[in-house]
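Asks: The structure that follows is given in the form of structure tokens.
Throughout, read-outs are computed from the coordinates displayed, never taken from laboratory work. What you see is a predicted model, and the numbers here were worked out from it, not measured in a lab. A quick note on method: Cβ atoms are made from the backbone with ideal geometry, for glycine too, and the neighbour counts reach across all protein chains shown.
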Amino acid sequence: GQNIDQPTEMTATEGAIVQINCTYQTSGFNGLFWYQQHAGEAPTFLSYNVLDGLEEKGRFSSFLSRSKGYSYLLLKELQMKDSASYLCAVREWEGGSYIPTFGRGTSLIVHP
Amino acid sequence: EAGVAQSPRYKIIEKRQSVAFWCNPISGHATLYWYQQILGQGPKLLIQFQNNGVVDDSQLPKDRFSAERLKGVDSTLKIQPAKLEDSAVYLCASSLREPAGGRPLGTQYFGPGTRLTVL
């Protein structure tokens, strides 16, 4: 089983930088994903980390520390359209397959 | 490339009634997932298929929920009988089968979901 924790809600200003943290406890860690979900829509993939360090993709970066069970998603140059829920998901290798578990999500509100 | 298709998009039923949802994954995706997402929460994995076999269904309430993927392509999820607490969005996702220990060949691609309201 897994325990994934992320803040419920965050607010930030357009043009600023925001960091969304995710901590997890798992017995068979095999990768961490970040998804973006706009209200009323399906989640869409943002990033994936399996090794320690930073993965950068445009305005979004994701960091992982496996020893600390910790990840963050960094959003730069915030835009109004970045207002959404950000889901941290951890997958385990179990019984010959990858099993994913999602956190509750962090609702990000970007204001002018 | 066509995405994951789901139907219906919305469904309203009364408690104790039955309901079925349908999902057609992206062509070639061996793995199919059904999630339940209650308002304000993250998706909860109900069942995961690899081709037509069940990989994980540990969180599926088997007394009322059932799912099948008979030919290893499309899938149906059924609730019988429904309870008020089943009101949620039911998301279907698919992905390529990944080699053990490797980087993912592809992430999960989600369908638009079915919003179920149980009255």
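Asks: How many residues, within the range A:24-36, are touching a Ser or Thr at 6+ places or on another chain (Cβ under 8 Å) and either loosely packed, with under 13 Cβ neighbours inside 10 Å or within 9 Å of another protein chain (Cβ to nearest Cβ) (or both)?
Replies: 2
Asks: Limited to the range A:51-65, what total is found for residues that are assigned to a strand (DSSP E or B), within 13 Å of another protein chain (Cβ to nearest Cβ) and surrounded by fewer than 12 Cβ atoms within 10 Å (Cβ to Cβ)?
Replies: Result for the range A:51-65: 1.
Asks: Being within 13 Å of the chain's Cα centre (by Cα) and within 14 Å of chain B (Cβ to nearest Cβ): is that true of A:TYR48 here?
Replies: Answer is yes for this residue.
Asks: Please specify each residue of the range B:45-56 satisfying the condition of being under 26 Å from A:GLU9 (Cα atoms) and either crowded, with 22+ Cβ neighbours inside 10 Å or within 7 Å of chain A (Cβ to nearest Cβ) (or both). Talk me through it step by step, then tell me what you get.
Replies: Residues of the range B:45-56 that are under 26 Å from A:GLU9 (Cα atoms), as a first pass: B:45-46.
Correct list: B:LEU45 only.
Asks: Consider B:PHE65 against the criteria (1) closer than 16 Å to B:GLY3 by Cβ; (2) of a type outside the set (Lys, Arg); (3) surrounded by 14 or more Cβ atoms within 10 Å (Cβ to Cβ): it satisfies all of them except one. Which criterion is unmet?
Replies: (1)
Asks: On to the next question. Which one is farthest from the chain's Cα centre (by Cα), of the residues in the range B:9-58 that are charged (D, E, K, R) and part of a strand (DSSP E or B)?
Replies: Ranking the candidates gives B:LYS11 first.
Asks: Out of the range A:1-23, which residues are assigned to a loop (DSSP other than H, G, I, E, B) and aliphatic (A, V, I, L, M)?
Replies: Within the range A:1-23, A:ALA16, A:ILE17 meet the criteria.
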